[in-house]
1. Residue by residue through segment 225-247, note down the ones that are outside any loop (DSSP other than H, G, I, E, B), in contact with an Asp or Glu (Cβ under 9 Å, 6 or more places away or on another chain) and either of a type outside the set (Ser, Thr, Tyr) or closer than 9 Å to Phe117 by Cβ (or both).
2. Pro226 passes all but one of (1) over 29 Å from Arg91 (Cα atoms); (2) in contact with a Phe, Trp or Tyr (Cβ under 9 Å, 6 or more places away or on another chain); which number fails?
3. Could you give me the residue pairs with C-beta distances under 9 Å whose first residue belongs to segment 48-59 and is farther than 16 Å from Ile86 by Cβ, whose second residue is among the aliphatic types (A, V, I, L, M) and in a strand (DSSP E or B) wherever it lies, and which are 6+ apart or on separate chains?
4. Output the number of the condition that Ser171 fails; it satisfies all remaining conditions of (1) closer than 25 Å to Ser284 by Cβ; (2) in contact with a helix residue (DSSP H, G or I) (Cβ under 7 Å, 6 or more places away or on another chain).
5. Considering only residues that are crowded, with 18+ Cβ neighbours inside 10 Å and either in a helix (DSSP H, G or I) or in contact with a Lys or Arg (Cβ under 7 Å, 6 or more places away or on another chain) (or both), which ones fall in segment 41-57?
6. Would you point out which residue out of Ser217, Ser171, Ser161, Ser194 is out of contact with any Gly (no Cβ under 7 Å at 6 or more places or on another chain), farther than 24 Å from Leu243 by Cα and small (Gly, Ala, Ser)?
7. Can you say whether Pro36 is closer than 28 Å to Thr242 by Cα and either assigned to a loop (DSSP other than H, G, I, E, B) or modelled with pLDDT under 95 (or both), as far as the supplied structure shows?
Amino acid sequence: MAVSKFVMLALRALTYMEPEAKDYRLERLFQSLTHPTLPALYSIWEHRVLSRDGYEIPMRVFYPSVMESEEILVFFHGGGWVSGTIDTYSRTCAGLANSIGRRVVSVDYRLAPEFPFPTGLEDCYAAVRELNLHREIFHTAVPSVVLAGDSAGGNLSAAVSLLAAERGEFSVEKQILIYPVVYYDHTAGSPFPSVKENGEGYLLTAKKVQEYMELYSPDPNQRKSPYVAPILAADLSGQPETLIITAEFDPLRDEGEAFGDKLRKAGCTVWVKRFPHMPHGFFSLPLRFAPVRRCCAYMKYFLDGTIGEMENGEEAGL
């Protein structure tokens, strides 16, 4: 069904209520107030990893109520690289862990503009490197580490996979990119129609995405690096098996799907699922919302290796 007039009015009202990206301190406060957490309700474990420059990167491990696989999913939160924490994403990660039957490791990477590119990316890389090279910290054999993230976190997941291929310290077998940022230009000059079609009135505006990008990567030339804009990578062959989730009313919709096409043309195994009638950010809603449950179910099918057996996701209960 189409988005109702009431929902459209609510989306537009929320769009104008949210702080601008340049007011990132206010946005961080806004997120902390609108995403309350009760960590005591979750089965968690706190861990820290040293970055290249000696910073202790906080990580929070969420355990599912029923462990179905030893596979670990490393999650990088969204927030335009300037907001979001492991606290504001605790409910999301706890719900995800229970939905997929796997441990979820949330990484509290450093934020821009205080720490612009590549600091946040290097923090994420260091966290994944630790989990790959020192799996004994979980006191069990870990078959593989999967990367995942939403929005800016999806960008960081794709960029870590590219870095892993370049540096050769570890390999990434699977990644899940939830409405990722993969291109550098979200102005009127963007080649992707969804930037114009969905650039206003759906919570995340194209203007705000561009402001986030400028805070994360202040140097315009640097934004054309594949580690900022993964879709610009010259060679995507050998990248992980990938699931890309997009949202119909998201300015980032078309670039995420175009990234999937480019990965496929490079010989990678790619699955792209567009969620109809959804705006950017829907995955952060509580698990009681049906689209969030369907998204988690789709991720589980992907991780279990059964996604290719489904001809129609909706008929399969997704």
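1. Of the residues in segment 225-247, the ones outside any loop (DSSP other than H, G, I, E, B) are 230-232, 241-247.
Add one more test, that the residue is in contact with an Asp or Glu (Cβ under 9 Å, 6 or more places away or on another chain), and what stays is 231, 241, 244-246.
Passing the criteria: Ile231, Glu241, Ile244, Ile245.
2. Single failed check for Pro226: (2).
3. Close Cβ pairs satisfying both conditions: Leu50/Ile57.
4. (1)
5. Ile44, Ile57
6. Numbers: Ser171 fails: farther than 24 Å from Leu243 by Cα; Ser161 fails: farther than 24 Å from Leu243 by Cα; Ser194 fails: farther than 24 Å from Leu243 by Cα.
Result of the check over Ser217, Ser171, Ser161, Ser194: Ser217.
7. Values: closer than 28 Å to Thr242 by Cα: no; either assigned to a loop (DSSP other than H, G, I, E, B) or modelled with pLDDT under 95 (or both): yes.
Judged against the criteria, Pro36 is not a match.
For every residue, the table says whether it meets (1) within 15 Å of the chain's Cα centre (by Cα); (2) closer than 28 Å to Glu68 by Cα; (3) without any contact (Cβ under 8 Å) to a residue 12 or more places away in the chain.
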| residue | (1), (2), (3) |
| --- | --- |
| Ala112 | no, no, no |
| Asn132 | no, yes, no |
| Phe138 | no, yes, no |
| Pro143 | no, yes, no |
| Ala165 | no, no, no |
| Gly168 | no, no, yes |
| Val181 | yes, no, no |
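The values are calculated or read from the model by the stated rules, or taken from the named source; none is laboratory data. These numbers were taken from a predicted model, which means no experiment stands behind them. For neighbour counting, all protein chains shown are included, and Cβ atoms are generated from backbone atoms with ideal geometry for every residue, glycine included.
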